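J.: Here's a structure for you.
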Amino acid sequence: MDKTSSPAVEAAPRQFVVSDLADELIECLKYRVGKEPSVATRHDWLSAAIKVVRDRLIDRWIESTRRAYENGDKRVYYLSMEFLIGRLMRDAFSNLGMMEDMREALAAHDVDIDLIAALEPDAALGNGGLGRLAACFMESMASLDIPAHGYGIRYVHGLFRQEIHDGYQVELPETWLDHGNPWEFERREGAYEIGFGGSVRSVASQEGRGERQIWKPTERFLAVPFDTPIAGWRGKRVNSLRLWSAMPVDPILLDAFNAGDHIGALRESNKAEALTRVLYPADSHPAGQELRLRQEYFFSAASVQDIVRRHLSKYPDLHSLPDKVTIHLNDTHPAIAVAELMRLLMDVHGHGFDSAWAIAKQTFAYTNHTLLPEALESWPVPLFERLLPRHMQIIYAINAEVLLEVRSSGRFNDDEIREISLIYEGGERRVRMGNLAFVGAFSVNGVSALHTDLMKQTVFSDLHKLYPDRINNKTNGITQRRWLFQCNPRLTTLIRDTIGDRFLDDIEALSELDAYAEDHEFQQQFSAVKRANKEQLVKVVSERLGVRLDPTALFDVQIKRIHEYKRQLLNIIEAVSLYDQIRSHPERDWLPRVKFFAGKAAPSYHNAKLIIKLANDVARVINSDPSVRGLLKVVFIPNYNVSTAEIMIPAADLSEQISTAGLEASGTGNMKFALNGALTIGTLDGANVELREHVGDENIVIFGLTAQEVAQWKAQDYRPGEIIERSAELKQALEAIGTGVFSPDDPGRYGELISGIYKQDTFMVAADFDAYSSAQRHVDELWRTPARWHRMAIHNTARVGWFSSDRTIRQYASEIWRVPV
Ligand code: 26V
């Protein structure tokens, strides 16, 4: 999607002579892209512009790396299966203070920076919140001058591209590397071998002390690193994001080749490519495939080997590892790194179990991102044993150590001991990755205050009893550089003109805006910015979907992965009910509203995909019904990604954060919307609880059951059918959907979805409907008084500085990693 920009906010005053930069672009185009300006395509210009900024990053990159090495600074290694980074060019221009110079330099060659920026692929190496958080953290760590390395997988295909055909989600391969990737540096010389399968043999150790285990894998691959520089604000530091790609150890099997089997000779190459070809498109939904475990081990093992190698290039041995390194596990996906470090310590570097365990336990930290049972990873023991026989032994040894401690404490009964065990024994035996990460880490954190409390009370209650000091909270945050300065230049300029530049470096200075919340003139300016952003979105929707929208309507936005617990269904049912009321009471003074939806469903998640179809069915019927008189529109924007979010969030009036309480670990979209001056309608879930504390109860619309009430209802006999009977509005809307009013071509399409609400209603849609609907009517009332609405919106922007990922990272740095900030 294109951005029509107003002047950007820069990290530094102008520092380049534009004509020099313009010459440099031509040089680069000629000698590094191989084109003359007269024949250069837009992609060529994009490539040249990126290479020019990249050159400037490299000096700082080398300098940052050298400084950390010479000073012996403690380093943070952030291991994550996902990095949802989006486009990088604006980040780099803006953090280096080159945006306006570059705009002019390109304009001197008749190239529009916004047009080429829109061609940069949106790197979607992640599913949703967890991956985007990793990207925000990388940017904040560089901005706070923390020596940090991100480690992940260089998927050839990121998250699928979503098209909507006849209202249904269709998944298409995403090919972000099609035009090459000018950001990355391949480092073949830095490759490691990664093994799978085979067997373990004991040999007498050379030191004559007991035995040593030798793992002989049957399959071997190379992990080749590709490095991307990540620039911090004002170019303070440039850190590396190191993504591993699988390659064959022997690209061509010569025996097969010589025997004339040319296809068979490439078998190894194909097997290797398959390993890192595709990102698993499921989030909080069981994947459970062998390939996924292989991916997890592949990137964890390569990263741990790299970390150990770097440490030993400066220090004599690995005893000092915990003083110089923290390896942070972003969820359990890299938890196998605990066993891999143990293996290297014991089998390669000659440590005994006790010494290795003491080092490992002081080196790892772990963040949990979800309590949903279906997302808690565990692997069948037979699969684990076959792929990673040595790691299985190590996990048994760790388990024995932990269970010995548990038993000897005398504080645990058999049920509790079973919960603590790393091996689930209730049916098919499975390795519990959460328990492995928990016992292998010195710190275990949740991502919002509520989520951390629930972790203590639910999934990890017994482990928490065993290690009561281990669980701590680090409420999530977002980077204001991307989620305000870059995506909303109009608002950023207004804030700057109003309170000056201090907030550019200290986001909590936004609180100075509080003083302007009642100021009529400022309110007018604030709402003019919102209006301009809304017009931009209206234009995009008209181009992409051919739907015309009224920019004066209330823009009500729910954008995130499609999941039953996030309750897009609650929002759609409310739209249906509103539609019904608008038609039954045409005499009432209805307010024009547009409900926007966007998001992807896991390809195997039937109900989530059906919810997408329902949103599209409802949109078709409502948008084409003249009796609605344009008072309500429903829009589903296809292919939600970081770039789409960057357009939609600045244009939102109302942010929908309506998950069933207790199920959304934090949410980060909620923070992005509030920062851009949208009001939140939400449940007391995840970080919404803290959002309310920060913006003030009077500036947010909270409704529905609390997490505790949800738990109580579930423990009692929850009867959704009875609730539905008592709510005429809900009943009417459910009947309309269930009987095919929105699907006349297939009236039974939503029968099961709706009867699911009548029968079990796992996500408490019925229980919360009336409260939600009244909260929406309260929103209408607020919208009727613009001065009041603006005041509330301004308070939101002014008071959410705390949700910056800079604050989050400062807390990680001082309370977990113990690195200076
Ligand atoms: C789990 C699984 C399990 C099966 C295979 C694929 C797969 C992929 C990802 C996940 C973990 C999903 C967890 C997640 O994304 N949690 C989100 O984390 C955000 C950042 O902390 C947080 O704001 C969201 O509330 C939380 O849902």
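Nothing in this text is a laboratory measurement; each read-out follows from the coordinates by a stated rule. Here the structure is a predicted model, which is why all the values come from computation and not from measurement. Here Cβ is always computed from backbone atoms with ideal geometry, including for glycine, and neighbour counts include all displayed protein chains.
J.: Cut-off is 10 Å between beta-carbons; in what order do Lys613, Lys314, Lys595, Lys539 appear when sorted fewest neighbours first? Intermediate values should be presented prior to the final figure.
T.: Values: Lys613 22, Lys314 11, Lys595 26, Lys539 16.
Placing the least packed residue first, the sequence is Lys314, Lys539, Lys613, Lys595.
J.: On to the next question. Return the loop-located GluC sites (Glu not before Pro) in region 471-555 (DSSP other than H, G, I, E, B) with at most 14 other Cβ atoms within 10 Å of their own Cβ; answer none if there are none. Don't jump to the answer; show the numbers that get you there.
T.: Details: sites: Glu508, Glu512, Glu518, Glu521, Glu535, Glu543; in loops: Glu518.
For GluC sites (Glu not before Pro) across region 471-555 that sit outside H, G, I, E and B with at most 14 neighbouring Cβ atoms in 10 Å, the list reads Glu518.
J.: How big is the antiparallel share of DSSP beta bridges in the chain, given as a percent to the nearest 5?
T.: On the way: 36 of 82 bridges.
Of those bridges, close to 45 percent are antiparallel.
J.: Can you compute the helix-only [θ] at 222 nm over the chain? Use -39500 (n - 2.57) per DSSP H run of at least 4 residues, normalise by all residues, nearest 500 deg cm²/dmol. Write out the running numbers ahead of the final one.
T.: Numbers: 32 runs with 366 residues, N = 821.
That comes out to -13500 deg cm²/dmol.
J.: Follow-up. Check Leu279: other-chain or 5+ apart residues with amide H under 5 Å from its amide H, H built from backbone geometry?
T.: Residues meeting the criterion, in which the H sits 1.01 Å from N, are His157.
J.: Give me the net charge of Ala272's neighbourhood, meaning all other residues with Cβ under 12 Å from the Cβ of Ala272; Lys, Arg count +1, Asp, Glu -1. Before the final figure, lay out each step's value.
T.: Working: positive: Arg220, Arg267, Lys271, Arg277, Arg294; negative: Glu193, Glu219, Asp250, Glu268, Glu273.
Within the 12 Å Cβ shell, the charges total 0.
J.: In whole Hz and in residue order, list the ³J(HN,Hα) couplings for region 435-446 that follow from phi through the Karplus curve 6.51 cos²θ - 1.76 cosθ + 1.60, θ = phi - 60°; x for Gly and Pro.
T.: 5, 4, 4, 5, 6, x, 10, 8, 9, 10, 10, x
J.: Go ahead and run the numbers for FRET between Thr65 and Ala771, Cβ-Cβ distance against an R0 of 60 Å, rounding to 0.05. Please report the intermediate quantities before stating the final value.
T.: Numbers: r = 54 Å, r/R0 = 0.89.
Computed FRET efficiency for Thr65 and Ala771 comes out at 0.65.
J.: I've got another one for you. Between Leu119 and Leu177, how high is the FRET efficiency from 1/(1 + (r/R0)^6) when r is the Cβ-Cβ distance and R₀ = 22 Å? Nearest 0.05. Each step should come with its number before you reach the end.
T.: Values: r = 14 Å, r/R0 = 0.63.
That pair, Leu119 with Leu177, gives E of 0.95.
J.: Any of Lys51/Lys314; Lys216/Lys361; Lys566/Lys714; Lys51/Lys324 with alpha carbons more than 23 Å apart? Name them for me.
T.: Numbers: Lys51/Lys314 32 Å; Lys216/Lys361 26 Å; Lys566/Lys714 18 Å; Lys51/Lys324 33 Å.
Pairs exceeding 23 Å: Lys51/Lys314; Lys216/Lys361; Lys51/Lys324.
J.: Additional query: Straight distance only, please: which aspartates and glutamates reach the Cα of Lys530 with their own Cα at less than 12 Å, same-chain residues fewer than 8 apart left out?
T.: Within the straight-line cut-off, Lys530 pairs with Asp653.
J.: Over region 349-461, what is the percentage of antiparallel beta bridges among all DSSP beta bridges, to the nearest 5? Show your work: numbers first, answer last.
T.: Numbers: 5 of 9 bridges.
Counting only bridges with both partners in region 349-461, antiparallel ones make up about 55 percent.
J.: Continuing with the same structure: Please enumerate, by chain and number, the lysines with C-alpha under 16 Å from the C-alpha of Lys474, excluding those fewer than 8 residues away in the same chain.
T.: Candidates past the 8-residue exclusion: Lys456.
J.: Let me ask something additional. In the neighborhood of Ala598, defined by Cβ-to-Cβ distances under 14 Å, what is the net charge if each Lys or Arg adds +1 and each Asp or Glu adds -1?
T.: Details: positive: Arg161, Arg544, Lys560, Arg561, Lys566, Lys595, Lys600, Lys672; negative: Asp122, Glu163, Asp556, Glu646, Glu656.
Net of charged neighbours comes to +3.
J.: So, one more: Please rank Glu63, Glu729, fewest neighbouring Cβ atoms within 10 Å first, as an exposure proxy. The partial results should precede the final answer.
T.: Working: Glu63 12, Glu729 17.
Listed from fewest to most nearby Cβ atoms, that is Glu63, Glu729.
J.: Using the 10 angstrom Cβ neighbour count as an exposure proxy, how do Cys487, Cys28, Cys136 rank, fewest first? Don't skip to the end; give the middle numbers.
T.: Numbers: Cys487 24, Cys28 21, Cys136 27.
Starting with the residue having the fewest Cβ neighbours, the order is Cys28, Cys487, Cys136.
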